[in-house]
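A short write-up of the structure that comes next.
The values are calculated or read from the model by the stated rules, or taken from the named source; none is laboratory data. Predicted, not measured: the structure shown is a model, and the values here were computed from it. Virtual Cβ from ideal backbone geometry, glycine too; neighbours counted across all protein chains shown.
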Amino acid sequence: MQKLLAHWWFRLIIAIIASIFIFSLQIIFSFGFIFLTIFLAITLTVVSISVLAMRTGSNFNAFGLQIDKYAFIDFFKGLLIVVIMNLIFILVGLLMGYEYKLHENYKTLDYITLLFFTSQIFVMAYLEEILFRGLVFQTIRERFGDIIAIVLLSIFFAFAHYNNPNISNMGLVNIIVAGIMLSVLYITTESLWLPISVHFFWNLNQQILLGSNVSGISFDIEIFQLTAIGNNSAWLFGGQFGIEEGLLTTILLTILTIISFKINKQNPYIMATKFKIRFEESKLLEK
C-alpha cells in the first residue's frame, strides 16, 4: 500500500473519488444542511489524513491540520487580516457616501441563532478548504508545482459557486482571485489553518459587520449594515451577490495574495515531515 501511495496518481484517484462523493451528497441533500456538512467535513478529513498517514515516513501534521503554536498563530492572524479588510471597507464606504449603522433588526437576534449561524459558517468554510486546499490540491502541487495546482483548484473553486444565487461575472472572477489567495495562504504556511481562518471570518463578517450577502446567500443575520445613501457604487462594493463582486474586494484580495509571501512563515515541523516523506518514497520507488 505504501508503494501505491507513493504514486501521485493513486492519491489523486482517492481524492477525486472522495470529492465526487462529497459533491454528490451536497447536490442531493442541499449544501445548507449543517449536519450533513459536518458529516462530509469529518469524512473528508478522515480520508485525507488516513491517506497521508499511511505514506512511508509520514506523520499526522503532513496534511496541515496540526494543533500547535503555529496553528493558533495562523488562526488569530486570519481574524486580524479579515478585521483589517472589513475596516477598509467601512472607511472607504463612508468616504464614498455610504452609511454604517446598527441594523434595525439586531435587537431581535438571539444568541442561539447567532451561535448556530457562526457554527454553520465555520463548518462550510472548513469543508471548502479541505476540498480545495486539501488532498487534491496537495497531490497536484507535489507532482506539477504551485502554479498549476493554484490555477486548477481556483477554477474548480469558482465552478463550485457557479449556481449560487445572484452570481455575476465579476463575482466569479473574484471567487477565482479568492481561490488563488487562499491557496497562497496555504503554500506560504504549509498549514490549512490560515486559509480556514480567513475563509471563515471573511464569510462571517460579511453578514455580521457589513450586512452583505455571502456569495449570493442571505442568512438573515443582521447586526451592522453598510448601505448606500443616494450614491450607488455597486461596481466598487458589490451588489446582490455581496461584497465579493465588487472591485474593492478584487484589490484587497490581490494585495493580500502579494504580501502573504512577506507576512507568513512556513511551519518547520510540516516542512520536515514532507521532506522525510519525499526522501523515504524516493527510496521506495527505486526498488
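Would you check which residues across region 252-277 are surrounded by 13 or more Cβ atoms within 10 Å (Cβ to Cβ) and more than 23 Å from Phe75 (Cα to Cα) and list them? Of everything in region 252-277, those that are surrounded by 13 or more Cβ atoms within 10 Å (Cβ to Cβ) and more than 23 Å from Phe75 (Cα to Cα) turn out to be Lys276, Ile277.
Yes or no: region 119-134 includes at least one residue that is polar (S, T, N, Q) and farther than 28 Å from Ile16 by Cα.
Taking region 119-134 and keeping what is polar (S, T, N, Q), we get 119-120.
From the residues that got through so far, the ones that are farther than 28 Å from Ile16 by Cα too are none.
No.
If you go through region 1-15 and keep only what is of a type in the set (A, V, I, L, M), assigned to a helix (DSSP H, G or I) and surrounded by fewer than 16 Cβ atoms within 10 Å (Cβ to Cβ), you end up with Leu4, Ile13. Residues that are charged (D, E, K, R) and modelled with pLDDT of 85 or more were ranked within region 92-129; the one that is nearest to His161 (Cα to Cα) is Glu128. Restricted to region 223-287, the set of helices (runs of 4 or more DSSP H) holding at least 1 residues that are within 24 Å of Glu190 (Cα to Cα) comprises 247-263, 268-286.
Within region 186-209, can you find the residues that are touching an Asp or Glu at 6+ places or on another chain (Cβ under 7 Å), assigned to a helix (DSSP H, G or I) and β-branched (Val, Ile, Thr)? Before the answer, list the steps.
Filtering region 186-209 down to residues touching an Asp or Glu at 6+ places or on another chain (Cβ under 7 Å) leaves 187, 189, 191-197, 199.
Imposing the further condition that a residue be assigned to a helix (DSSP H, G or I) reduces the set to 187, 193-197, 199.
Within region 186-209, Ile187, Ile196 meet the criteria.
Scoring Ala18 on the criteria (1) surrounded by 15 or more Cβ atoms within 10 Å (Cβ to Cβ); (2) within 18 Å of Gly134 (Cβ to Cβ); (3) modelled with pLDDT under 85 leaves a single failure, condition (3).
Among the conditions (1) in contact with a strand residue (DSSP E or B) (Cβ under 6 Å, 6 or more places away or on another chain); (2) assigned to a strand (DSSP E or B); (3) not polar (S, T, N, Q), Gly93 misses just one, which is (2). Taking every residue in region 125-147 that is touching a residue at least 12 places away in the same chain (Cβ under 8 Å) and under 18 Å from Phe39 (Cα atoms) and pairing it with any residue that is of a type in the set (Lys, Arg) and assigned to a helix (DSSP H, G or I), at least 6 positions away or on another chain, the pairs with Cβ-Cβ distances below 7 Å are Leu135/Arg11.
In region 51-68, how many are in a helix (DSSP H, G or I) and either touching a helix residue (DSSP H, G or I) at 6+ places or on another chain (Cβ under 6 Å) or modelled with pLDDT of 90 or more (or both)? Let's see the steps before the verdict.
Pass one, region 51-68, residues in a helix (DSSP H, G or I): 51-53, 60-63.
From what's left, either touching a helix residue (DSSP H, G or I) at 6+ places or on another chain (Cβ under 6 Å) or modelled with pLDDT of 90 or more (or both): 51-52, 61-63.
Qualifying residue count for the region: 5.
Would you check if Gly78 is in contact with an Asp or Glu (Cβ under 6 Å, 6 or more places away or on another chain) and surrounded by 16 or more Cβ atoms within 10 Å (Cβ to Cβ)? Against the criterion (in contact with an Asp or Glu (Cβ under 6 Å, 6 or more places away or on another chain) and surrounded by 16 or more Cβ atoms within 10 Å (Cβ to Cβ)), Gly78 does not qualify.
Among the listed residues Val173, Val151, identify the single one that is in contact (Cβ under 8 Å) with a residue 60 or more places away in the chain and either aliphatic (A, V, I, L, M) or under 20 Å from Leu65 (Cβ atoms) (or both).
Values: Val151 fails: in contact (Cβ under 8 Å) with a residue 60 or more places away in the chain.
None of the other options fit; the residue is Val173.
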